[in-house]
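The values are calculated or read from the model by the stated rules, or taken from the named source; none is laboratory data. These numbers were taken from a predicted model, which means no experiment stands behind them. Neighbour counts are summed over all protein chains in view; Cβ atoms, including those assigned to glycine, are modelled from backbone coordinates with ideal geometry. All accessible areas refer to the heavy atoms of the entire protein, side chains included, with ligands and DNA or RNA removed. Shrake-Rupley method; radii C 1.70, N 1.55, O 1.52, S 1.80 Å.
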Amino acid sequence: MDNLNKKLTIFMIAYHSNYNIEKIIKQINKNIKIIIVENSNLLETKNYFESRYHNINVILCEKNSGVSVANNIAFRKITTPYALYLDMDVDFNVNIIPKFIDYAEKINKLALLVPQHHKSQYPKNWEYTPEEKNHDLVRMNKVHGHFALYNMQAVRDIDYFDEKIFFYFDETDFCTRVVKKNYKIYLLKNMYVNHIGGVSYTEDLQKKFDVLRHWHYMWGKFYYHKKHFGVLNAYFTTMPDFLESIIKMCIFYFLNKNKFNIFKNKFLGLLNAFLGKTSWKRP
């Protein structure tokens, strides 16, 4: 596609990540601007990428404010009509990038366009109803954001990501607001990427994140349901998780310290949400 660099900016979020994504970066047209938001304020990441690639700008954050804040930092720097978000551990053929723009420019009121994933398929109940008949596209209510093309006009109209969410339910919240604003989310059935998962960080950091994720997942679950469906729905939806966490903490306290720690963090994440506290826990 001609002048792709005028239509697209690519952005990523890093946190003490390794450079697994570099094999993809090397194949991307060097005229396309790439933004990396480094949530750990790690100068090494900035020096590494900016010294090797003239099209990469690494933005260092003084503190780790989470995925939503990092997304918005990138969004507010982007001036092109479209933005492509890439996880640091995705793998794909870069030739699909211009094809995504081709599809995006033909869809009225598009907010978000995503590919299939090699390892998993979306549940049927994530699809939008009434179903639209199209051989290439499936309209969706919500999607994962490992690889996602955003229409920047829609992002600004929807008012970006909710910065109260550190991570988990950030994408779900955004997708819900997309649908409420009568914008559209589509899945491209014939385009695939591979989300490797768990290879962006060192093994030690990965273990810390594994525990942290449970805290934030439960906090986000309550917050999301409270925000969109009311406080009674939020309690009704999460109370089984809360009770399960208490029971399994008692069981695994004596049997398995790692599982005890997981359910302890699920319990504490929900407790903080019940008490109306912010999503404060950090690695």
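Taking the conditions exactly as written (surrounded by fewer than 17 Cβ atoms within 10 Å (Cβ to Cβ) and free of Cβ contacts under 8 Å to residues at least 24 places away in the same chain), does LYS180 satisfy them or not? Yes; evaluated as a whole, the condition is true for this residue.
So is THR45 in contact (Cβ under 8 Å) with a residue 40 or more places away in the chain, open to solvent by less than 10 Å² (accessible area, probe 1.4 Å), touching a strand residue (DSSP E or B) at 6+ places or on another chain (Cβ under 9 Å) and hydroxyl-bearing (Ser, Thr, Tyr) or not? Working first, answer last.
Values: in contact (Cβ under 8 Å) with a residue 40 or more places away in the chain: no; open to solvent by less than 10 Å² (accessible area, probe 1.4 Å): yes; touching a strand residue (DSSP E or B) at 6+ places or on another chain (Cβ under 9 Å): yes; hydroxyl-bearing (Ser, Thr, Tyr): yes.
Taking the combined requirement at face value, the residue does not satisfy it.
Within the stretch 142-154, residues that are over 14 Å from ALA104 (Cβ atoms) and assigned to a strand (DSSP E or B) have Cβ atoms under 6 Å from residues that are open to solvent by 10 Å² or more (accessible area, probe 1.4 Å) and of a type in the set (Gly, Ala, Ser) in no pair, counting only partners at least 6 apart in sequence or on another chain. Hey, among the residues in the stretch 10-29 that are of a type outside the set (D, E, K, R) and open to solvent by 20 Å² or more (accessible area, probe 1.4 Å), which one's farthest from MET88 (Cα to Cα)? This residue is ASN29. Taken together, PHE166, PHE147 contain a single residue that is within 23 Å of TYR217 (Cβ to Cβ), crowded, with 18+ Cβ neighbours inside 10 Å and touching a helix residue (DSSP H, G or I) at 6+ places or on another chain (Cβ under 6 Å), which is PHE166.
For (1) under 22 Å from GLU163 (Cβ atoms); (2) at pLDDT below 95, each residue gets a yes or a no:
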| site | (1), (2) |
| --- | --- |
| GLY220 | yes, no |
| HIS225 | yes, no |
| THR237 | no, no |
| ILE246 | no, no |
| MET249 | no, no |
| PHE254 | no, yes |
| LYS259 | no, yes |
| GLY269 | yes, no |
| PHE274 | yes, no |
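Return yes when LEU137 is free of Cβ contacts under 8 Å to residues at least 60 places away in the same chain and out of contact with any Pro (no Cβ under 6 Å at 6 or more places or on another chain) and no when it is not. Quick ask: steps written out before the conclusion?
Details: free of Cβ contacts under 8 Å to residues at least 60 places away in the same chain: yes; out of contact with any Pro (no Cβ under 6 Å at 6 or more places or on another chain): yes.
When the stated conditions are applied, LEU137 passes them.
Would you tally the residues in the stretch 113-133 being farther than 20 Å from LYS33 by Cβ and either assigned to a loop (DSSP other than H, G, I, E, B) or in contact with a helix residue (DSSP H, G or I) (Cβ under 8 Å, 6 or more places away or on another chain) (or both)? Adding up the residues that qualify gives 12.
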